[in-house]
Each structure stands twice: as C-alpha cells, then as structure tokens.
Ligand SMILES: [Zn+2]
C-alpha cells in the first residue's frame, strides 16, 4: 500500500486566483461548463469530485444530494469551503463532505458513489491506469464517470512535431510528461484503460478549440465558448483539441458489492492503510481499531493523507 506513485501537491497554491480568476481562463471555464452540462445527469445521490481544487466546478453538481469534495491539498479545500460553505463533517447528511486524500489510496468503501468526475486532474497522474482502477472500485453498478484529460495529440503539438520543433511524437500512445508531474495523454490510451477496467464510453467531447491567446484577446470569452460548444460533439469522430471529456459508465457489478446509500458520513469511509471498514468516530479523528491508525478531522476536513502521529 505504501508504494504509490508520487503526488502533485497544490498545498498553499494560489492556483484558483492566478490561473482561473486572473489568468484569462474565462473561456476555458465556460467551455468546460457546457461540456459538463451535456454529460451530467440532472440529479443523483452521491457524487465524488476528484481533484476538486477550490471547488470551481462543484456548484455545477448541485443536482446531487451530497458531494464528496476531494483534493490532495487542504489549503485548496479550505478555499472550497469558503466558496461552498462548511458543513459539519460528522453526523447526519451534510451537502458537502471535504476529504483530503491521495487518489491512489482512496479512503472509501467499495461501490458507494453513483457518479464521479475528474477534471484537469489525470494530468498529474504518473500511473493513470492505477488511479482509474481506484475510482472504479468506489463506483456503484451503472454509475457514471466524467473524465477530462489533456490530449497530447492536439493541433498545436502535431504542428510543432511536423515543423521539427518538438521531439515527442503526438501520435504514439504513451503519455508525455512535459513538465515534472504534468502529463498529456493519447485519447486512445485513455479509452483503452477505461475499457480494460470495464467502463463503457458513452460520449466523447472535444473541448477548448480556441485555446490560442490571439483568439482570446480578440473575441469575448462568451462567444468563443458558445462556438466551442457547437464543435464539442465532433469529439465523437476525432479528437485534436487540447482538452477531451469522456463520459464512461461502470458495468454491472456483483450484487453482493452494492451498498445502500449511507446515512452517516463515517459509513462512507474505510482505512486507506489496511482497508478496515470499522472506523470509529473520535473527537478530532477517525480511529482504525484494526491497524491503530488515526485519521485527522480538522477544520471540517477529513484528512486521509498521512496518519496522525501517535502520542
Ligand atoms: Zn487501518
């Protein structure tokens, strides 16, 4: 369990402000909203948002009864709490449940969620297939999974490759790590991983056609996003945009694996170290009676990254 790939950590980052609010990403944000709307069910019970960051997309999942807002960084989650409101992490039915955890070691019991999303996060996964298999475990039969990833085979990389300005081949299936812990993927490789895990892909949308600074300077974001929205369904035929969304569905799982929707938040969790489902609620942590690990509950955030030091 300890040999998990490295994690890209946004702890202390001002990513939300510098990248999204002041970085001229209004067009990308709007284009993502259009894609998400096309893929999301109108309502549902329990959504898992992986790599939620500061909760930029979370309000778009409002049709779900409850949303687990998961990120590796607690400072990102604190920003999400400011945006969405903090709810009591323990006890009965909060709308948002904030969880700091490593996607390779998800702290959830199997087959709990009826939907999950992972937007701009696979991007940081050195072992994408392993991360996807963890996600599949926690999804119920027929649950949907919306995955966005950065596409290595995009117009710009192909052009650069043809002009001899780029060494790596945009048409080969292996991921490219263009900056440390930042990966772009080939759409076919992602499709293969999902299908090997038993997902069926129901929809593919190509997003961010106009991620070119000249366009973004000339045209209003709203206009570019609307145009993007018109082109997104072309993803069914071919994918050459820098961002791709896939909507995948989990197949039928064994009946024995199906869990009822939990009443108490603690029933969602398992110990990420030993897998025990018998966690006990203490004042500032969850205690695992099996391996004695303590998982902190601090400022409304369940922290499953590292166990608390034994005192
Ligand atoms: Zn344990």
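Residue 295 falls short on exactly one of the conditions (1) surrounded by fewer than 21 Cβ atoms within 10 Å (Cβ to Cβ); (2) within 11 Å of the ligand (Cβ to nearest atom); (3) touching a residue at least 24 places away in the same chain (Cβ under 8 Å), and that condition is (1). When residue 45 is tested against (1) modelled with pLDDT under 95; (2) out of contact with any strand residue (DSSP E or B) (no Cβ under 7 Å at 6 or more places or on another chain), only condition (2) is not met. Selection of first residues in region 196-209 that are on the phi > 0 side of the Ramachandran plot and of second residues that are in a loop (DSSP other than H, G, I, E, B), restricted to Cβ pairs under 7 Å at least 6 apart or on distinct chains, gives the following pairs, ordered by first then second residue: 198/251; 208/241; 208/242. Is it true that some residue in region 183-206 is over 27 Å from residue 132 (Cβ atoms) and surrounded by 12 or more Cβ atoms within 10 Å (Cβ to Cβ)? The answer is no; no qualifying residue exists. Going through (1) under 30 Å from residue 224 (Cβ atoms); (2) part of a helix (DSSP H, G or I) one by one, residue 55 falls short only on (2). The residue list 53, 85 contains one member that is surrounded by fewer than 19 Cβ atoms within 10 Å (Cβ to Cβ) and either touching a strand residue (DSSP E or B) at 6+ places or on another chain (Cβ under 9 Å) or touching a residue at least 60 places away in the same chain (Cβ under 8 Å) (or both), which is 85. For residue 95, indicate whether it is modelled with pLDDT under 95 and under 24 Å from residue 198 (Cβ atoms). Against the criterion (modelled with pLDDT under 95 and under 24 Å from residue 198 (Cβ atoms)), residue 95 does not qualify.
Would you be able to say whether some residue in region 267-274 is more than 16 Å from the ligand (Cβ to nearest atom), at pLDDT below 95 and in contact with a strand residue (DSSP E or B) (Cβ under 9 Å, 6 or more places away or on another chain)? Checked region 267-274: no residue is more than 16 Å from the ligand (Cβ to nearest atom), at pLDDT below 95 and in contact with a strand residue (DSSP E or B) (Cβ under 9 Å, 6 or more places away or on another chain). Among the residues of region 250-260, is any in a strand (DSSP E or B), under 22 Å from the mean Cα position of the chain (by Cα) and within 15 Å of the ligand (Cβ to nearest atom)? Within region 250-260, not a single residue is in a strand (DSSP E or B), under 22 Å from the mean Cα position of the chain (by Cα) and within 15 Å of the ligand (Cβ to nearest atom).
The values are calculated or read from the model by the stated rules, or taken from the named source; none is laboratory data. These numbers were taken from a predicted model, which means no experiment stands behind them. Cβ atoms come from the backbone with ideal geometry, glycine included; neighbour counts cover every protein chain shown.
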